[in-house]
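Colleague: This is the structure I want to talk about, given as structure tokens.
Where a number appears in this text, it was derived from the coordinates with a stated rule and is not lab data. What you see is a predicted model; the values in this text were computed from it and never measured. Methodologically, a virtual Cβ is constructed for each residue, glycine included, from the backbone with ideal geometry; neighbour enumeration extends over all protein chains shown.
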Amino acid sequence: MSALSRMRLRGLVRKEFYQILRDPSSIAIAFLLPVFLLLIFGYGISLDAEHVPVAVVVEQPDVETASLAARFSGSSYFAPVFLSDLGEAENALRERRVNAIVHLQQDFSRRLRRTDGAPIQLIVNGTDANTARLVIGYVQGAWQTWLEQRAAESGVTPGTPLRIDQRVWFNSELRSRNYLVPGLIAIIMTLIGALLTALVMAREWERGTMEALMVTPVTMGEVLLGKLVPYFLLGLGSMALSVAMGLWLFKVPLLGSPWLLFGVSALYLLAALGMGLLISTVAKNQFVAGMVAIITTFLPAFLLSGFIFDIGSMPTVVQVITRFLPARYFVASLQTLFLAGNVWSVILPNIAALTVFALLFLGTSRCLMHKRLE
Amino acid sequence: MSPDAAAQVVLELRDVRKQFVAGARTLTALRSVSLSVRRGCVTGLIGPDGAGKTSLMRLAVGLLEPDKGQITVLGRDVTREAQAVQASVGYMPQRFGLYEDLSVQENLDLYADLQGVPPSSRASRNGQLMHMTGLARFTGRLAGRLSGGMKQKLGLACTLVRAPELLLLDEPTVGVDPVSRRELWQIVYRLVREERMTVLLSTAYLDEAERCDEIVLLHEGEILGQGRPAELREPLRGRTFSASSPGRSNRAFQKALAAVPGVLDAVIQADRVRIVARSGAQLAPDRLLGGIEGATIEAVEPRLEDAFVAMLRERAGAGEGRERAPPSPGGASPRDAGPAPRRGPVIEVRNVSRQFGQFYAVRNATFDVAAGEVFGLLGPNGAGKSTTFRMLCGLLPASAGVLRVAALDLRHAAAAARARIGYMSQKFSLYGNLSVRENLRFFSSAYNMSGARQGERIEWAMEQFELAAMAEMASQDLSLGHKQRLAMACALMHEPEILFLDEPTSGVDPMARREFWSRINALAERGVTILVTTHFMEEAEYCDRLAIMADGEVLAIGSPAEIKRGQRSEGHPDPTMEDAFIALIENRARGAAAT
């Protein structure tokens, strides 16, 4: 009686596909939204600082200051404005025309010739802490190379005895796009798995079709699978699209195995579908289902998964909360797979966590779904 | 019960109780219901909204669990063997359970898959169903694009892909045009005859109940009576009459008759008044006329509605002489003197059309309504009644034509016209979590009332509509009949000259409907013009004049008696309103086919 019937399941899956194809909103969530998000994050939002407007205040121009200033003009990181008065520069900073002031004082060249080194004053707009930190780093770098170059030319050893040799691992180009795009895949899969699924289930309740379904010999397991299969395939399709765009449009490297990427994504998709179905057992109209899905799945995946904000620098309480988010484990796997390769010591624990979530959510929704209207 | 008799019972409820708990509120859907549905019969579950019909249906198919009692379907206990029961019954929920973005054929295929119909037998069953429902030409059309009547038939076809032993239909005819309704009944009886099916269907229409083999009258979760329609009508034999008084307005006549001591119920029926006499009082019929001059009376066959109303009235406390004088909606207000009836039409509709894209919701409608008239718009869902209303209220501009309300052209003076009209919308538009008093205060302030004047009007509404006892109750907790009263009070706060009522009585019980109409009649007598939409055929008879609409067009205008007279034929020498409606639709279809 309760055995799975292939005929019934096929009927349900086929129905769902017709509905997906005829409903512009599911196509939009599955294919247009990923493209839209990828374009925004790929092109629009960059966490790198380039062409930062900087005021360079030179109080007494000479050969040395001109040479240092040339460093700023020649760098793609800066868009310098040369001024002679600090007051003017401070106004520019206040009015947000520049993000930082590099101040070379009157006695710059005289003190440079002395061994204690010539100080440059750096004033940074700290409103956006992230950019501020980047600007400080860039200015220090420019200053450092200028000193080295000058030393090499004159044969004089610079006053700073220590030389910092930096090397960046795993994202050697330091392009934020390279970690945003993999993280986005997690967001997109959350949208399809949880939001879309919760919405289409709620729609069945709203339109009274669930009631008609329940009075047929169909089992709740079949109803569940009838939703899982189509949206699982839809989610994989959407993931393939996002990965393809990431690789070929945004030139994000994929160092790990595509198969492993596929496997981890499928696992996360199951967890997300489980969340969507779980929401729909509680929220039986589309508005509530949509709100619950956004608040409990989409926003956390966006803010707390490590997609944009580093989990390590969150307060402890929030860090503990992130442990209960499947998206966190998926984002970590994605970033590792794309930028570092098949690092099993990272991937395996994440796979384990995702498996637990998928089983938990799918199992709970199966238990909560009764062929009853209460 | 003998085994033989047991085999004859397909569905049995024994002492079933069902309650719903929502927060602090407990709602009793069914109190202690026992009934049995016999094999090969069409059993009607009759009652107003909130009577418990849908809960009973859902309990019978195992979608709900009873709190107490036992339900047996085809010899199986529903609570324990829900899956097995569901495999042998067919159930059509209220909104037909169709996927609107799937075509007719795809819907049928889905349900055939779900019901496990073997592919080999599908084609013949399918052809049979399509033939029976007349949907064969529309198999490729999306279900969402079908008319109400076609959706209803597709919903039925979907529940019949595998011939069930027991078919349950939850309000299958709500809002469907009379032609489709009649076709549905033909299909149901064909199924009973040809496939030996047993049918349980619920409806709020008492005229439909007459077509059932057996009926169960349900009211507030209790069974008032069950049996064959004739059995239920029988106690009323000798107590039902039809009176007429030429030259007297039928509203005044009805009011006078309702006040006669021996009269239990008096309702307008076209140009006559139908009377039900009190039980026990074996009066000579003439006594029921209460000495009204020139009036004549004749005995008529009892109807189920008479029986239902008699049961309800007698249950509520017969012989108390509870018949109140109809309220005076002018109340203590300055308008008490009443406006002098204006000459000429108060509402003019001239060649009005309204298009939505390519679709005509209303096409070339023309009618007038005189001051103090009760004018009805009768038609199924989708006929264009609500669109006409919205245009008259200035909520929707007309695509073409002229609309004048209270001599104001709605194109230029919609706001000025709106101040003179009251509007009660289909769903009552009350704020559910505000109390009765708060709703009244809000609606009166929406019409710029404040201070003493507002207080006066609120007191008037409380008194006239008998809402004082529930003044502090949240309006969502009121019964449907009380909600309807409150909605009407809200629409009357600013003393409009014209009142628009959009399906005001759908779903309320016959008592609330009578009370409602007595208020409407009293308003009309004070010179208020009333426009009302309805799909209850018998309600059309209460109107002075009415327009019959279908598919956006006005098919006929006139008094109820005129409309019925116009459709007399050999087959129907004395047509009912429904017969007339069907004849009009068929004439139109023939006219369209001829051109």
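Colleague: Under a Cβ-only charge scheme (Lys and Arg +1, Asp and Glu -1), can you give me the dipole magnitude of region B:364-501 about the Cα centre, in debye to the nearest 20?
Modeller: For this selection, approximately 460 debye.
Colleague: How crowded by other chains is A:72-79, given as the mean number of beta carbons from other chains within 10 Å of each beta carbon?
Modeller: 0
Colleague: Using the beta-carbon distance between A:Leu368 and A:Val318 and R0 = 35 Å, what value does 1/(1 + (r/R0)^6) give for FRET efficiency, to the nearest 0.05?
Modeller: Computed FRET efficiency for A:Leu368 and A:Val318: 0.75.
Colleague: Follow-up. Would you mind telling me the antiparallel percentage of the DSSP bridges in the protein assembly as shown, rounded to 5?
Modeller: On the way: 62 of 108 bridges.
Antiparallel bridges make up about 55 percent of those DSSP assigns within the protein assembly as shown.
Colleague: Given N residues in region B:79-147, what is its alpha carbon radius of gyration divided by 2.2 N^0.38 Å?
Modeller: Cα Rg divided by the expected 2.2 N^0.38 Å: 1.22.
Colleague: Cβ neighbours within 10 Å, averaged per peptide: list A:248-257, B:483-492, B:32-41, B:417-426 in order, most packed at the top.
Modeller: Answer by packing, highest mean first, reads B:483-492, B:417-426, B:32-41, A:248-257.
Colleague: Treating each Cα of region A:52-154 as an identical point scatterer and ignoring solvent, apply the Debye formula and state log10 I(q)/I(0) at q = 0.19, 0.20, 0.24 Å⁻¹.
Modeller: Taken in order of the listed q values, log10 I(q)/I(0) reads -0.93, -1.02, -1.41.
Colleague: Can you tell me the dipole magnitude for chain B around its Cα centre, using point charges on the Cβ only (Lys, Arg +1; Asp, Glu -1), in Debye to the nearest 20?
Modeller: With only Lys, Arg, Asp and Glu charged at Cβ, the dipole is about 840 debye.
Colleague: Further question on the same structure: Please name which of B:Asn587, B:Met470, B:Phe428 has its Cα lying farthest along the dipole of the protein assembly as shown towards the positive end, using unit charges on Cβ (Lys, Arg +1; Asp, Glu -1) and the Cα centre as origin.
Modeller: Result: B:Asn587.
Colleague: Using a Cα-Cα cut-off of under 25 Å, which lysines could be cross-linked to B:Lys255, ignoring same-chain neighbours fewer than 8 residues away?
Modeller: By straight Cα distance, B:Lys255 reaches B:Lys483, B:Lys564.
Colleague: Additional query: Run the quick spin-label model on B:Glu234 and B:Ile292: label points 7 Å from Cα toward the beta carbon, then report their separation in nm to one decimal.
Modeller: 3.2 nm
Colleague: Compute the Kirkwood hydrodynamic radius of the protein assembly as shown, taking the inverse of the mean of 1/r over all pairs of distinct Cα atoms, and give it in Å to one decimal.
Modeller: Here the Kirkwood hydrodynamic radius works out to 34.0 Å.
Colleague: Then there is this: Report the FRET efficiency, 1/(1 + (r/R0)^6), for B:Glu438 and A:Leu303, where r is their Cβ-Cβ distance and R0 is 56 Å, rounded to 0.05.
Modeller: Here the calculated transfer efficiency is 0.90.
Colleague: Collect residues whose amide H, placed 1.01 Å from N in the peptide plane, falls under 5 Å from the amide H of A:Gln105; neighbours closer than 5 in sequence don't count.
Modeller: Answer set, sorted by chain and number: A:Gln121.
Colleague: Please report the antiparallel percentage of DSSP beta bridges with both residues in chain B, rounded to the nearest 5.
Modeller: Percentage antiparallel, nearest 5: 60.
Colleague: When you look at the Cβ of every residue in A:363-374, what mean number of other chain Cβ atoms sits within 10 Å?
Modeller: 2
Colleague: Would you mind computing, in nm to one decimal, how far apart the modelled labels at B:Ser249 and B:Asn448 are, each placed 7 Å from Cα along Cα→Cβ?
Modeller: Placing both labels 7 Å beyond Cα along the Cβ direction yields 3.0 nm.
Colleague: How big is the charge dipole of the protein assembly as shown about its Cα centre, in debye rounded to the nearest 20, if each Lys and Arg gets +1 on its Cβ and each Asp and Glu gets -1 on its Cβ?
Modeller: Details: 102 positive and 95 negative charges, 204 e Å.
Computed about the Cα centre, the dipole is about 980 debye.
Colleague: With both partners inside region A:52-154, how many of the DSSP beta bridges are antiparallel, as a percent to the nearest 5?
Modeller: Here the share of antiparallel DSSP bridges comes out near 25 percent.
Colleague: Rounded, prolate or oblate, given the Cα gyration tensor of region A:260-335, with a/c below 1.5 counting as rounded?
Modeller: Working: a/c = 2.56, a/b = 1.34, b/c = 1.91.
Oblate shape, in that a/c is at least 1.5 and b/c is the bigger or equal ratio.
Colleague: Quick one: what do you get for region A:1-116 if you divide its Cα Rg by 2.2 N^0.38 Å?
Modeller: Expressed relative to 2.2 N^0.38 Å, the Cα Rg reads 2.25.
Colleague: Normalising by the residue count of chain B, find the relative contact order in percent from Cα pairs under 8 Å and 6+ residues apart.
Modeller: Relative contact order here is 13 percent.
Colleague: For A:Gln319, what is the net charge nearby, where nearby means another residue's Cβ is under 14 Å from its Cβ and Lys, Arg count +1, Asp, Glu -1?
Modeller: Taking every Cβ under 14 Å from that of A:Gln319, the sum is +1.
Colleague: Each residue of region B:449-457 in order: what ³J(HN,Hα) in whole Hz does its phi give by Karplus 6.51 cos²θ - 1.76 cosθ + 1.60, θ = phi - 60°, with x for Gly and Pro?
Modeller: Coupling constants for region B:449-457: 9, 7, x, 4, 5, 5, x, 4, 5 Hz.
Colleague: Hey, got the average number of other protein chain Cβ atoms within 10 angstrom for residues in A:310-318?
Modeller: Working: counts 0, 0, 0, 0, 0, 0, 0, 0, 0.
Other-chain Cβ atoms within 10 Å of each residue's Cβ, averaged: 0.
Colleague: OK, next. For chain B, what size does the Cα cloud have along each of its three principal axes, sorted from largest down, in whole Å?
Modeller: 73, 59, 57
Colleague: May I pose another question? Calculate one ³J(HN,Hα) per residue across region A:323-339 by plugging θ = phi - 60° into the Karplus curve 6.51 cos²θ - 1.76 cosθ + 1.60, and present them in order as whole Hz with x for glycine and proline.
Modeller: Going residue by residue, I get 5, 8, 9, x, 4, 4, 5, 6, 4, 4, 5, 4, 5, 5, 4, 6, 9 Hz, with x marking Gly and Pro.
Colleague: Also, I was wondering about something else. Rounded, prolate or oblate: which fits region B:437-528 when a ≥ b ≥ c are the square roots of the eigenvalues of the alpha-carbon gyration tensor, with rounded for a/c under 1.5 and prolate only if a/b beats b/c?
Modeller: oblate
Colleague: Stretched out fully, how many nm does the piece from A:Lys284 to A:Asn342 gain, at 0.36 nm a residue minus the Cα gap?
Modeller: So the extension gain works out to 16.7 nm.
Colleague: Between B:Ser242 and A:Leu233, what FRET efficiency follows from the Cβ-Cβ distance if R0 is 51 Å, with the result rounded to 0.05?
Modeller: FRET efficiency, B:Ser242 to A:Leu233: 0.15.
Colleague: Okay, moving on. In deg cm²/dmol, rounded to 500, what helix-only [θ] at 222 nm does chain A give when every DSSP H run of at least 4 residues adds -39500 (n - 2.57) and the total is split over its residues?
Modeller: Using -39500 (n - 2.57) per qualifying helix, the result is -18500 deg cm²/dmol.
Colleague: How large is the Rg to Rh ratio of chain A when both quantities use alpha carbon positions and Rh follows Kirkwood?
Modeller: 1.15
Colleague: Given H placed 1.01 Å from N in the peptide plane, which residues other than close sequence neighbours of B:Thr79 have an amide H under 5 Å from its amide H?
Modeller: B:Ile71
Colleague: Which translational diffusion coefficient, to the nearest whole µm²/s, is obtained for region B:425-477 from the Stokes-Einstein equation, given a Kirkwood hydrodynamic radius over C-alpha pairs, 25 °C and 0.890 mPa s?
Modeller: 217 µm²/s
Colleague: Per residue of region A:199-208, in order, report the coupling 6.51 cos²θ - 1.76 cosθ + 1.60 (Karplus, θ = phi - 60°) as ³J(HN,Hα) in whole Hz, putting x for Gly and Pro.
Modeller: 5, 6, 5, 4, 4, 5, 5, 4, 7, x
Colleague: Rounded, prolate or oblate: which fits region B:362-478 when a ≥ b ≥ c are the square roots of the eigenvalues of the alpha-carbon gyration tensor, with rounded for a/c under 1.5 and prolate only if a/b beats b/c?
Modeller: Prolate shape, in that a/c is at least 1.5 and a/b is the bigger ratio.
Colleague: Arrange B:His131, B:His482, B:His494, A:His370 by Cβ neighbour counts within 10 Å, fewest through most, would you?
Modeller: Going from sparsest to densest Cβ surroundings: B:His131, A:His370, B:His494, B:His482.
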